[in-house]
Amino acid sequence: MEALKASSFHHMAKPEVSSTVWKMIWNCRTLPKIRAFLWHSCGNVVASADCLSSRNIPIDPLCSRCGKEKDSVDHIMLHCPYAKAIWFGSSLSHRISNNPSLLIHEWLQHWQNLALQDKNAARESFSKCSFLCWHIWLVRKDFVFSKKFKSLEEIIRSAEAAF
Ligand SMILES: [Zn+2]
C-alpha cells in the first residue's frame, strides 16, 4: 500500500492547511517517516479505505475497526472509538473533541495552544502525539492487511516505548 504514490491521490480534496501546522510538523522531534506520515495525513494523501475506494479500488470504504464510519484518515486517527480510547488512555490523557467534522490538520494545530503555557512541555507532548499517531496508523494497517489485533494497552505501550 505504501508504494502508492502520493501523486495518485491528487484528485482528492486538498484541505487548506495553515502554515503553522506545516511548521509544527517540520519542527516536531520525531522520526522522518512519522513526519512524512503526518505531512501526508494533513494533505489527505494516505491510503485510507475511503481514499482508495474513491479511486475505484474495490475495497470496503468503512472503518475496519468500528464498521460505522468511512475509513478516512480523520476517522482512523481521531473519531473512531478505538482512537479516542487510545488518546484518552495514553499518558497525554487527551480527550478528542466530539465535533465529527474536526479534521486532522485542525486538530494538530490545537497542540500549538499548549506552547502558550510551556514551550518545552508542548514540544514534548507534540512529539509523543506524533508517535501515537504513527502507532494508531500501524495498528490499523496490521489489522486490515494481516488481521493482527493489538489491545489498546499494547498500542499505547508500544507507542510510548518508541517515543
Ligand atoms: Zn472506526
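We did not get these values from a lab; they are worked out from the coordinates using the rules stated. Being a predicted model, the structure only gives us computed values, none of them experimental. All Cβ positions, glycine included, derive from the backbone under ideal geometry; neighbour counts span all protein chains shown.
Which of 94, 40, 110, 135 comes first, and how do the rest follow, when ranked by fewest Cβ neighbours within 10 Å? Kindly include the intermediate steps, with their values, before the conclusion.
Values: 94 18, 40 15, 110 11, 135 24.
The fewest-first ordering by Cβ neighbours comes to 110, 40, 94, 135.
Please turn the phi angles of region 24-29 into ³J(HN,Hα) values with the Karplus equation 6.51 cos²θ - 1.76 cosθ + 1.60 (θ = phi - 60°), one per residue in order, whole Hz, x for glycine and proline.
Running phi through 6.51 cos²θ - 1.76 cosθ + 1.60 with θ = phi - 60° gives 4, 5, 4, 8, 5, 7 Hz.
Expressed as an acute angle from 0 to 90° and rounded to the nearest 10, what is the orientation of the C-alpha long axis of helix 119-146 relative to the principal long axis of the chain?
20 degrees
Under a 5 Å amide H to amide H cut-off, with H placed in plane at 1.01 Å, what residues pair with residue 62 once short-range neighbours are removed?
Here the answer is 71, since their amide H atoms fall under 5 Å of that of residue 62.
Run the paramagnetic zone check for residue 66: 7 angstrom along Cα to Cβ, then residues of region 125-163 with backbone nitrogen under 20 Å.
132-145, 149-156
Based on other C-beta atoms within 10 Å, arrange 156, 96 from fewest to most.
Working: 156 22, 96 17.
Listing 156, 96 from fewest to most nearby Cβ atoms yields 96, 156.
What is the calculated FRET efficiency for residue 150 to residue 84, with r their C-beta to C-beta distance and R₀ = 22 Å, to the nearest 0.05?
The formula returns an efficiency of 0.85 here.
For a footprinting-style exposure proxy, rank 125, 72 by other Cβ within 10 Å, fewest first. Don't skip to the answer; put the middle values down first.
Details: 125 17, 72 22.
So the residues, fewest neighbours to most, are 125, 72.
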